[in-house]
Each structure stands twice: as structure tokens, then as C-alpha cells.
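S.K.: Structure provided below as C-alpha cells; questions to follow.
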Amino acid sequence: MNRRVWIVLLLMGLAGVSFADYPVGAIYTNDYTDAYGRYQWIYLQTESGSVQHGVQTQWRLDGSLYWTVTLSYGIRNGNETYYYDNSSPSSEVSYSNGAVSGWVRYYDTSGNKTYESLFVDNVPNGPVRAWCSASQLSMEGSYSEGQYDGLWRQWYCSPYQPQSEISYSHGVLDGDYKTWYENGQLHVSARYSGNMPEGEYIENNEQGYPTLTKTYQGGSETRRSEMYYDFTGTLMRFRYDYEDSVLVMNRSWYGTGSEEYVLRYKGGSLHGLCSAWYPNHVLKEESEYVEGALLHLFRANENGRKNEEQFWHLTGELESWTRWLYHWPDYTVMAREYNSDVDDLSDGLTTYWYTNGVMMTRTTYKHGMRDGLSEEWYDNGVKRFSGHYRNNVLHGLAQEWQTNGVPLDEYTFRNGLLHGPARTWYPNGKLAQELNYVNRLLHGPATEYSQWDWEHYVKHSV
């Protein structure tokens, strides 16, 4: 049955007229204004009542167009558009039967696109792009049923240069993975398969130097190297190398760039040749380990002259030990001690002398550790240090003197920790402090004195 379509203009304020008065098929408008703007709603009268149908419009109070949307029987079906106050579109969204289907776009005030993405039934599906300017993309990629798919690229807008290139397959990382810093230096370079890294993975700092390298096989990390640099980001200070997550090498460099040390490991223990150098590149120490057991140790001074050499059995017992002491500055041999008798070396009194015949050190050992009285002298014969040890740590009274014999300080220790009374002196020999420690922490009263005769003592407690 044919139905006549009645188009009626409903004037606001017309007395005695309501929406129910219009015949089925009639199209009419409702215009009104509130504090936010002016509106024009278009209705279609149906057998069940009136529904919004057609292009709905809103204007700002200044008369400029703000928003339009196309409805079909009350459901979005067509474009929904927002506008700038210059009436150019700010955004457009395409609908089909109430679902976002088609392009979603955003614009700047000049009408240039800033973003667009293709949707199907409310799900992004197809290309997506964003712009820095009318001619420069900031992002480009594609979706497949709502998931990242294919190559995604991003750019920095100022200065304009690449930011990232990442490959996906149905939402999973798959393929090349690269990111860049704003200064153009490569940040990360890797390759993924099934969302897992595969092969070489590299991270660089902003100066372009590697800070982390990894090797993956079958999704598992097999090698890793960590590099640490100085504040400039150009001079390496530390490097750690791992295999199967276990440390195999540790290296360090001085601030001048010369190598400081190399340590090698196996199964978490020192293993192989380990070396250390002075800042002047002269070998300082060299040792050889087998799975944590020391076999050979060599030490030298900054002139490359030998200081000490040790040979050990795999059982952990010392085989032989040699020590050299030199006279400075001509580095003539000052003293040399050698012992291949483990028992004699590990127990008893060990003494060294200066070349002028003055005693240098006198130390008592027990089972290879300092145990008992240990003393040191300046080359003028004045005592420098006296202290008691137990199990290689200070235990009891320890005293130090200045080169003129004036006391410098005295402390009391218990098992290597400050524990008991302590005193210090000024260079002129006047008492400076009286303190007390308990388990290396200050405890009880502390007294400080003036070093000048014409000043009174100043005492206070902490």
C-alpha cells in the first residue's frame, strides 16, 4: 500500500500541536536554543512513534556550525562530523547501522588530515595514518580485525626523522624491530618471531654506543653483554658478559680509557686468566684460576717490577710464595722473602727491614692469617702502627703515631669492629677527642678538646 510522505515544519510555540498529531510517514523538525547552542532535530513519524531520522545539526551560539550526524530510524547511519568555529571539519566518523564502519578522520583548522583509520563494525581493520603536517607522516600502519598487522612506522616531527619501524603479524611481533632516538641514533635493533626475539638484539645509548647486546635462539637468551659508560656516554667503564644467564667475563676501564681489569668466570666461579693494570697500562696483577681455585698469582708495582708471586695446589694449599720489596725512587730491591714450606709460611713472625737497616714491619701469623701483635715503623725508626689481630681482623688496642713520634690515634676493636674507648690527637700533640664505640657505632659521651693552650677545653656529649 502506497504511503504519502508528509513534510511538516513544526513551529515552536504553536499551541495544541504535539508529535502524536502527525500522520505516519511525516517528517518534521524540532528547532530550539539553550545555553550551549542552537539545535535542529529532524523526526520521522512511524506507527510506533517518532524517531530521529536524517541529518541532525547543532550550531554554536555565534551561529557557526558545531556538529552534524546522519541518523536512520534513530540509529547512526552515515557520517558524524564535528566542526571548528571556522566551519571546517575537525573530525569525521562513518557509521553503518550504528557501528563505526569506514573512515575515522581528524583534521587541523586548515583542513589537513592529522589522523585516519579504517573501521569495520567498530573494529579497526585496514590502514591507519597520522600526520605531523600536510606532507609529513608521523605514523603509518595497518590493522587486521583490530590487531596490529604488517609494518608499523613512526616519525619524530621535529626534527623530522624515523622513530620506529616494527613488523607485526596479527598482533604478534614478527620481523624487524627498530627504534631511534630523536637525535637520529639507532636505539634498538632486533628481530622477532612469534612475539619472541630471535638472533641478535642490540640496544645503544644516545651517542650510538651499545649498552646491551643479546643473542636469542629458539626464544631463549644464550648470550648477553651489558656495557656501562661515563657521563658523556662515549667512554666505556664496565662490561659484563653472560652465557645462558651465567657471568663469564667482567671488564673495567679507567676514566682515561685504559683497561683496568679483566675477570673470567665459569659456572659462577673465577676461571682462567684474570688480569689488572695500572692507569699507565703497566700490568698490576695476573692470576690463574680453575673453577674458583687459585693456581698462580703475580703482582707488580707501577714500574712493572715484581712485588709478589704465589703458586697454589688445586687442593687450596699454598705451594710457594715470593715477595719483593723495593727502595724508592730507584727501585732497588729492599727486601725479598721466599718460602716453599707451607708450615713455616703460615705460622710465626714475619719481619721486613728498610735498606738503611731500620725495621719496617713485624707481624705474627697463625695458619696464614695475622694473629697477635703487628707493628710498623717509619724509615727514621719511629713507630708508625701497633695493633693486635685475631683471625686476620683487628681485635684489641690499635695505635698510630706521626713521623715525629707524637700520637695520632688509638682505637679499640672487637672482631674487626670498633668497640670500646678511642682517642685522637692534634698534630701538636694535644688531645683532640675521647670517644666510645659499641659495635662500630658511637655510644655514650664524646669529648672534644681545643688544641691551643690559651683556650679552655670544650666538652659536650652525643
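S.K.: Determine if the range 385-395 includes at least one residue that is within 24 Å of Gln451 (Cβ to Cβ), among the aromatic types (Phe, Trp, Tyr) and surrounded by 18 or more Cβ atoms within 10 Å (Cβ to Cβ).
M.R.: Within the range 385-395, not a single residue is within 24 Å of Gln451 (Cβ to Cβ), among the aromatic types (Phe, Trp, Tyr) and surrounded by 18 or more Cβ atoms within 10 Å (Cβ to Cβ).
S.K.: Tell me whether the range 235-245 contains one or more residues that are in contact (Cβ under 8 Å) with a residue 12 or more places away in the chain, closer than 30 Å to Gly194 by Cβ, out of contact with any strand residue (DSSP E or B) (no Cβ under 6 Å at 6 or more places or on another chain) and of a type in the set (S, T, N, Q).
M.R.: yes
Okay, residues lined up against (1) part of a strand (DSSP E or B); (2) touching a helix residue (DSSP H, G or I) at 6+ places or on another chain (Cβ under 7 Å); (3) among the acidic types (Asp, Glu):
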{"residue": "His388", "(1), (2), (3)": "yes, no, no"}
{"residue": "Glu400", "(1), (2), (3)": "yes, no, yes"}
{"residue": "Gly405", "(1), (2), (3)": "no, no, no"}
{"residue": "Thr412", "(1), (2), (3)": "yes, no, no"}
{"residue": "Gly420", "(1), (2), (3)": "yes, no, no"}
{"residue": "Arg423", "(1), (2), (3)": "yes, no, no"}
{"residue": "Ala432", "(1), (2), (3)": "yes, no, no"}
{"residue": "Gly444", "(1), (2), (3)": "no, no, no"}
{"residue": "Trp452", "(1), (2), (3)": "no, no, no"}
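S.K.: Are there any strands (runs of 3 or more DSSP E) wholly within the range 233-332 with 2 or more residues that are over 40 Å from the mean Cα position of the chain (by Cα), and if so which?
M.R.: Strands (runs of 3 or more DSSP E) meeting the threshold: 306-312, 318-327.
S.K.: I'm trying to understand the selection: among the residues of the range 156-173, which are hydroxyl-bearing (Ser, Thr, Tyr) and within 24 Å of Asn125 (Cα to Cα)?
M.R.: Matches in the range 156-173: Ser164, Ser167, Tyr168, Ser169.
S.K.: Out of everything in the range 65-77 that is part of a strand (DSSP E or B) and not hydroxyl-bearing (Ser, Thr, Tyr), what residue ends up being farthest from the chain's Cα centre (by Cα)?
M.R.: So, considering only residues that are part of a strand (DSSP E or B) and not hydroxyl-bearing (Ser, Thr, Tyr), the one farthest from the chain's Cα centre (by Cα) is Leu71.
S.K.: State all residues of the range 43-64 that are without any contact (Cβ under 8 Å) to a residue 24 or more places away in the chain and either assigned to a strand (DSSP E or B) or surrounded by 14 or more Cβ atoms within 10 Å (Cβ to Cβ) (or both); if no residue qualifies, say none.
M.R.: Answer for the range 43-64, where residues must be without any contact (Cβ under 8 Å) to a residue 24 or more places away in the chain and either assigned to a strand (DSSP E or B) or surrounded by 14 or more Cβ atoms within 10 Å (Cβ to Cβ) (or both): Val51, Gln52, Val55, Gln56, Thr57, Gln58, Trp59.
S.K.: Return the residues of the range 83-110 that are over 16 Å from Trp67 (Cα atoms) and either touching a residue at least 40 places away in the same chain (Cβ under 8 Å) or out of contact with any Phe, Trp or Tyr (no Cβ under 9 Å at 6 or more places or on another chain) (or both); say none if nothing qualifies.
M.R.: Matches in the range 83-110: Ser96, Asn97, Gly98, Ser110.
Residues are listed down the side, and each one gets a yes or a no for (1) crowded, with 17+ Cβ neighbours inside 10 Å; (2) part of a strand (DSSP E or B); (3) touching a helix residue (DSSP H, G or I) at 6+ places or on another chain (Cβ under 8 Å):
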position	(1), (2), (3)
Ala134	no, no, no
Tyr156	yes, yes, no
Ser164	no, yes, no
Lys178	yes, yes, no
Ser189	yes, yes, no
Glu206	no, no, no
Leu212	no, yes, no
Tyr216	yes, yes, no
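S.K.: When the range 96-122 is examined, which residues are found to be under 37 Å from the mean Cα position of the chain (by Cα) and surrounded by fewer than 16 Cβ atoms within 10 Å (Cβ to Cβ)?
M.R.: Tyr115
S.K.: Tell me, which residue of the range 249-282 that is among the hydrophobic types (A, V, I, L, M, F, W, C) and within 21 Å of Leu314 (Cβ to Cβ) is surrounded by the fewest Cβ atoms within 10 Å (Cβ to Cβ)?
M.R.: This residue is Leu273.
The numbers here are math on the coordinates, done by the rules we state, and not lab data. All values derive from a computational prediction rather than experimental measurement. So basically every Cβ, Gly included, is an ideal-geometry build from the backbone, and we count neighbours across all protein chains shown.
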